[in-house]
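Chemist: Sending over a structure as C-alpha cells; questions will come in a sec.
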Amino acid sequence: MVKPCWRPCIEDDTMGRLDGLVWHKDLGSHAYGEFSMAVIQANRMCEDYSQLESGPLSSFISGDHPQGTFAGVYDGHAGSEASKFVSHNLFFNLKNIVSERREVSESVLKKAFSATEEDFLSLVKKQWMNNPQIASVGTCCLAGVLHDGVLFVANAGDSRAVLGRVERGSKRASAVQLSNEHNVNIASVREELYALHPDDSQVVIMKHKCWRVRGLIQVSRSIGDVYLKRAEFQREPLLPKFRLTETFEKPILNSEPEVTVHKLQPEDHFVIFASDGLWEQLSNQEAVDIVHNFPRNGIAKRLLKAALHEAAKKREMRYADLKKIDPGVRRHFHDDITLIIVFIDSHLVSKSPLPPYSIKGGVFPR
C-alpha cells in the first residue's frame, strides 16, 4: 500500500514539470498577467485534464477579432475519455463560434459547450459497440474567458472558480465565488432535478451515505455521461452497473453551463479555477489567503500541497506518508486535484496581448 514512487522528475518547465504524481507549471505569462498550474493524481489513471490558452479567441488571427485568455478545468469521472475530448475540442469550438459572431458572450459559451457535447455524443455512437465504457464516462467542465476587461465563467458540474479581491488600502484579500456547483448533495440542486422530473421518484436517491442521481452519480450537469441522457444506450453492451431498472424519456443530466459575467475591477487580483478535489480540503478564503500571501512562482503547487496536508490531517497521518501511497489506493484519501491560478494585472487588461500561448495540464502516463 505504501511504497516510494519511482517516476522521474521531468526538469523542463517550458510546458510544465512532472514530479512523481504531481504535474506543475510554476509560472507563465498570459494576455493580461501571469498564471500558475498544478495537478495531483489520486486515481489509478488521472481522470482530469486542463488547459490555458492565450491570444486569439477566434479562428481568424486578425486585429479586429477578439483576443484574450481561456482557462479550462475538466474533472473526469468513470474514465478520462470525456475530459481528454473536452480539452481538445471545447476551445476549438469556442473559437469557431466567436469567429461567426465576432464577440465573446454568455450565449457563445453556452453554444461552445453544446457543440462539444454533440461532438462527444457522435464519438460515443461510433465507438460504443466496441467500447461500451465510453457511454458511461463524463466530465465536469469549468471554463473561464478573460476578454476586454470582462471575465466570463461557465460551469457544468462541481468544479469552482473563486476570485481574489484586494480592496484599496487593505492588505487582506477577500474570496468571491464566481460559480455554482451542480451536485445533488446541495439541496437546491436536488430540488431542481425534482422539478425537472416530477414523475421520477428515483431521480435522486441516497446511496453510500450521499445523494446520487439515480443512485449512480453526484453531479447533475456534465459533458458526456450519455447513458443518463440518451435512453438508446440503456442496453447491452453497456455494463450492468450503469443500466437502470426504469428507463427515461428525457435526459436526466444536461450539459448546459451556468455562466457568470463579471466586469473586472482594479481590486480583482486573481482567479482560482479548480476541481472539487481542492475545495473538499480548503475553503474559498483559505485558498485565497495562500495565493495572496505567497510569491506567484510555484503558487499552484503550494496551494496543492496545502490541500494534501489537510487531507493527511483528516486521516490522522503524516503528509510524508500520504505522499508514498500509490495512485488508486490514494483515491481513498483524496481526489485528483487540478487547479489553475490566473493573475490579473489591471495595467495590462487594455493593452495589446502577448503572442499566442497554449499549455495542457497534467502530462501523466495514461
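The values are calculated or read from the model by the stated rules, or taken from the named source; none is laboratory data. Keep in mind the model is a prediction, meaning the values are calculated, not measured. For neighbour counting, all protein chains shown are included, and Cβ atoms are generated from backbone atoms with ideal geometry for every residue, glycine included. All accessible areas refer to the heavy atoms of the entire protein, side chains included, with ligands and DNA or RNA removed. Shrake-Rupley method; radii C 1.70, N 1.55, O 1.52, S 1.80 Å.
Chemist: State yes or no: is Ala78 within 26 Å of Ser36 (Cα to Cα), in contact (Cβ under 8 Å) with a residue 40 or more places away in the chain and not basic (Lys, Arg)?
Modeler: Details: within 26 Å of Ser36 (Cα to Cα): no; in contact (Cβ under 8 Å) with a residue 40 or more places away in the chain: yes; not basic (Lys, Arg): yes.
No: the conditions fail for Ala78.
Chemist: Given (1) farther than 17 Å from Ile134 by Cα; (2) in contact (Cβ under 8 Å) with a residue 40 or more places away in the chain, where does Phe92 come up short, assuming only one miss?
Modeler: Among (1) farther than 17 Å from Ile134 by Cα; (2) in contact (Cβ under 8 Å) with a residue 40 or more places away in the chain, the lone unmet condition for Phe92 is (2).
Chemist: Please specify each residue of region 58-109 satisfying the condition of being assigned to a helix (DSSP H, G or I), β-branched (Val, Ile, Thr) and more than 14 Å from the chain's Cα centre (by Cα).
Modeler: To start, the set of residues in region 58-109 that are assigned to a helix (DSSP H, G or I) comprises 81-101, 106-109.
Now drop any that are not β-branched (Val, Ile, Thr), which leaves 86, 97-98, 108.
The answer is Ile97, Val98, Val108.
Chemist: Output the residue which, of all residues in region 112-157 that are in a loop (DSSP other than H, G, I, E, B) and touching a Pro at 6+ places or on another chain (Cβ under 8 Å), is farthest from Ile97 (Cα to Cα).
Modeler: Initial filter on region 112-157 (in a loop (DSSP other than H, G, I, E, B)): 128-131, 136-137, 148-149, 157.
With the extra rule that they be touching a Pro at 6+ places or on another chain (Cβ under 8 Å), the set shrinks to 128-129, 148.
On the way: Trp128: 29, Met129: 32, Asp148: 17 Å.
Per the stated criteria, the residue is Met129.
Chemist: Oh, and also: Within region 177-215, how many residues turn out to be open to solvent by 60 Å² or more (accessible area, probe 1.4 Å) and small (Gly, Ala, Ser)? Lay out the reasoning, then the answer.
Modeler: Applying the first criterion (open to solvent by 60 Å² or more (accessible area, probe 1.4 Å)) to region 177-215 yields 177, 180, 185-186, 188, 191-192, 194-196, 198-199, 201-202, 206-209, 211.
Keeping just the survivors that are small (Gly, Ala, Ser) gives 188, 195, 201.
So the count comes out to 3.
Chemist: Another question, if that's okay. Looking only at region 158-176, decide whether some residue is open to solvent by 30 Å² or more (accessible area, probe 1.4 Å), within 22 Å of Cys46 (Cα to Cα), in a strand (DSSP E or B) and modelled with pLDDT of 95 or more.
Modeler: Yes, the conditions are met somewhere in region 158-176.
Chemist: What about Gln285, is it assigned to a loop (DSSP other than H, G, I, E, B) and modelled with pLDDT of 95 or more? First the steps, then the outcome.
Modeler: Numbers: assigned to a loop (DSSP other than H, G, I, E, B): no; modelled with pLDDT of 95 or more: yes.
No.
Chemist: Among the listed residues Pro257, Pro240, Pro327, Pro266, which satisfies the condition of being on the phi < 0 side of the Ramachandran plot, at pLDDT 95 or above and of a type outside the set (Asp, Glu)?
Modeler: On the way: Pro240 fails: at pLDDT 95 or above; Pro327 fails: at pLDDT 95 or above; Pro266 fails: at pLDDT 95 or above.
Pro257 is the lone residue from the list that is on the phi < 0 side of the Ramachandran plot, at pLDDT 95 or above and of a type outside the set (Asp, Glu).
Chemist: Cβ-Cβ under 6 Å, sequence separation 6+ or interchain: first residue in region 188-210 and farther than 14 Å from Ser220 by Cα, partner open to solvent by less than 20 Å² (accessible area, probe 1.4 Å). Which pairs?
Modeler: Lys207/Gly215
Chemist: Tally time: how many residues in region 216-236 are open to solvent by less than 40 Å² (accessible area, probe 1.4 Å) and either over 28 Å from Ser122 (Cβ atoms) or of a type outside the set (Gly, Ala, Ser) (or both)?
Modeler: Final tally of qualifying residues: 11.
Chemist: Same structure, new question: Can you tell me which residues in region 288-316 are assigned to a helix (DSSP H, G or I) and among the basic types (Lys, Arg)? I'd like the intermediate steps shown before the answer.
Modeler: Let us first name the residues in region 288-316 that are assigned to a helix (DSSP H, G or I), namely 288-293, 299-314.
Scanning region 288-316 gives Lys301, Arg302, Lys305, Lys313, Lys314.
Chemist: Let me ask something additional. Gln202: more than 30 Å from Asn293 (Cα to Cα) and among the polar types (S, T, N, Q), yes or no? Write out each step before concluding.
Modeler: Details: more than 30 Å from Asn293 (Cα to Cα): yes; among the polar types (S, T, N, Q): yes.
So Gln202 passes the test.
Chemist: Which of the residues that make up region 37-51 are buried (at least 22 other Cβ atoms within 10 Å of the Cβ) and of a type in the set (D, E, K, R)? Lay out the reasoning, then the answer.
Modeler: Restricting attention to region 37-51, the residues satisfying the condition of being buried (at least 22 other Cβ atoms within 10 Å of the Cβ) are 37-42, 46-51.
Those that are buried (at least 22 other Cβ atoms within 10 Å of the Cβ) and of a type in the set (D, E, K, R): Glu47, Asp48.
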